[in-house]
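**Student:** Pasting a structure here, questions to come.
Readers should treat all values here as calculations from the given coordinates under stated rules, not as data from a laboratory. Everything numeric in this text was worked out from a predicted model, so none of it was measured. Heads up, the Cβs are rebuilt from the backbone with ideal geometry, glycines too, and the neighbour counts pull from every protein chain shown.
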C-alpha cells in the first residue's frame, strides 16, 4: 500500500508518526509544507519538515511539542550576547541539522535532496519530500500590516487577527522531485490535522501539485484540526472563525474544496453536515497509540 500524507505543523508531525506506525515500512510518503521556511542567523530553517523528521525518528520533544528532546540553548545565548537575533528559538541539537542543510543548499543541492539525506541518516523508511524546491513563503495579511509567517507566528505570537494569507512564489513553483510520482502511485491520500490556511494550503498552492490532487483517482481524506470547534494548539480556530465564518466541520471542509472526499472529525463536533462524508472518532493525539488509532480511522475512510 502506498499512502501520501500532506502535513505541516506540530499536529501534522504527530499524525505522521501515527500513520507511519499503522503502515509497513516504506509505505508512507509525507509531502511537507515549506511556506514556513525562514533564514535565521544565516541558516536555512525548515520547521515543518524538521518537525516531521524529528517525530518519525522519535527525536522530538513531546512536552514542548516542537524541536529536539534534550535540547540546550547555549549557542543561541552566545549569539544573543554578541548582538545576534534570538527571537527564533534554535537549540544546540537543532543547529546541527540546520548547518548541514544550509551547507548543502549553498553547494547547489536541492531541498528535496537534502531532506532525503537527512531522513536516511535518521534511519527512516518513510520518505519526506518538500512540496517544492522553489522559494515559496507564506505571508500573513493583518490589520497591522503584512508579515512573513514566522514573524507573525513566533515574533508577534500570532496575536494579530488574520484577514488573508498569501503564498509568495507559489504561482511559479514546481513540485519537488518525487511529489507527482508519489501522488500518481498513491493508493490513498491523507491530509493531516494541520492548520488549513498556513500548513496545508501552501502545499496545494503549487499549481501542478494542486492539479494532481484535483485529478486524483484515489480517495483523499482530511482530518479536522479542531476538537469541539477549538484548536488543540495554535490559531486555526481563530483564523477559521474570521475568514471562513465559523469553526464547524463544514468550515474546515470548505478550505479543501475539490481536494477531499471525506473528513474525519472528533465526536465533540458530531453530528455535522460538512458537505462531504464524515467519519467520527476521537481525534486527540495524546500519545502514539492515540495517533495510530486516528490514522487507522483515516485510512479506513480512504479505503
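**Student:** Give me the number: length gained by fully extending residue 100 to residue 85, i.e. 0.36 nm times residue separation minus the C-alpha to C-alpha distance, one decimal in nm.
**Tutor:** On the way: separation 15, 0.36 × 15 = 5.40 nm, distance 2.03 nm.
Extra length from residue 100 to residue 85 when fully extended: 3.4 nm.
**Student:** Shape call for the range 1-143 from the C-alpha gyration tensor, a ≥ b ≥ c root eigenvalues: rounded (a/c under 1.5), prolate (a/b greater than b/c) or oblate?
**Tutor:** Numbers: a/c = 1.62, a/b = 1.47, b/c = 1.10.
In terms of gyration-tensor shape, prolate.
**Student:** How many nm separate the modelled label positions at residue 163 and residue 184, each set 7 Å beyond the Cα in the direction of the Cβ?
**Tutor:** 4.3
**Student:** Enter the angle in degrees (range 0 to 90, nearest 10) between the Cα long axis of helix 111-121 and the first principal axis of the Cα atoms of the chain, meaning the one along which they spread out most.
**Tutor:** 90
**Student:** Continuing with this model, one more query. Only bridges with both residues in the range 3-302 count here: give the DSSP antiparallel percent, nearest 5.
**Tutor:** On the way: 16 of 39 bridges.
Just about 40 percent of them are antiparallel.
**Student:** Taking Cα atoms, how many degrees apart are the long axis of helix 288-302 and the longest axis of the chain, rounded to 10 and kept between 0 and 90?
**Tutor:** 50
**Student:** Sticking with this one: Calculated FRET efficiency, residue 122 and residue 151, Cβ-Cβ r, R0 22 Å, to nearest 0.05? Intermediate results must be reported in sequence, preceding the final value.
**Tutor:** On the way: r = 29 Å, r/R0 = 1.33.
With a Förster radius of 22 Å, E is 0.15.
**Student:** So what does log10 I(q)/I(0) come out to for the chain at q = 0.09, 0.12, 0.13 Å⁻¹, using the Debye formula with one equal point on every Cα and no solvent?
**Tutor:** With one equal scatterer per Cα and no solvent, log10 I(q)/I(0) is -0.40, -0.74, -0.88.
**Student:** Another question about this same structure. Does anything in the range 7-22 have its amide N under 18 Å from the 7 Å Cα→Cβ label point of residue 284, and if so which residues?
**Tutor:** 11-12, 14-15
**Student:** Let me ask something else. Please report how far the C-alpha centroid of the range 1-23 lies from that of the range 141-217, rounded to the nearest whole angstrom.
**Tutor:** 16
**Student:** Express in nm, to one decimal, how much length is gained between residue 258 and residue 21 on full extension, taking 0.36 nm for each residue of separation and deducting their alpha carbon distance. Walk me through the intermediate numbers first.
**Tutor:** Working: separation 237, 0.36 × 237 = 85.32 nm, distance 2.86 nm.
Extra length available between residue 258 and residue 21 comes to 82.5 nm.
**Student:** While we're here: Given Cα pairs under 8 Å that are at least 6 residues apart, what percent is the relative contact order of the range 149-284?
**Tutor:** Values: 201 pairs, mean separation 29.2, N = 136.
So the answer I get is 21 percent.
**Student:** Report the full-extension gain for the segment residue 57 to residue 171: residue separation times 0.36 nm, less the Cα-Cα distance, to one decimal in nm. Kindly include the intermediate steps, with their values, before the conclusion.
**Tutor:** Numbers: separation 114, 0.36 × 114 = 41.04 nm, distance 3.30 nm.
Value of the extension gain: 37.7 nm.
**Student:** Neighbouring Cβ atoms within 10 Å as the yardstick, rank 227, 191, 203 fewest first.
**Tutor:** In increasing order of surrounding Cβ atoms, one gets 227, 203, 191.
**Student:** Give me the percent relative contact order of the chain, please, defined on Cα pairs under 8 angstrom at least 6 residues apart.
**Tutor:** On the way: 627 pairs, mean separation 61.6, N = 303.
Taking the mean separation of contacting Cα pairs over the length of the chain, I get 20 percent.
**Student:** Using alpha carbons only, how many degrees (0 to 90, rounded to 10) separate the axis of helix 9-22 from the longest principal axis of the chain?
**Tutor:** 60
**Student:** Is the shape of the range 153-251 best called rounded, prolate or oblate, per the rule: a/c under 1.5 gives rounded, else a/b larger than b/c gives prolate, else oblate, with a ≥ b ≥ c the square roots of the Cα gyration tensor eigenvalues? All intermediate terms of the calculation are to be shown ahead of the outcome.
**Tutor:** Numbers: a/c = 2.40, a/b = 1.50, b/c = 1.60.
Note, shape of the range 153-251 comes out oblate.
**Student:** Could you work out the helix-only [θ] at 222 nm for the chain, with each DSSP H run of four or more residues adding -39,500 (n - 2.57) and the total divided by the number of residues, to the nearest 500 deg cm²/dmol? Each step should come with its number before you reach the end.
**Tutor:** Numbers: 11 runs with 106 residues, N = 303.
When only DSSP H runs of four or more count, the value is -10000 deg cm²/dmol.
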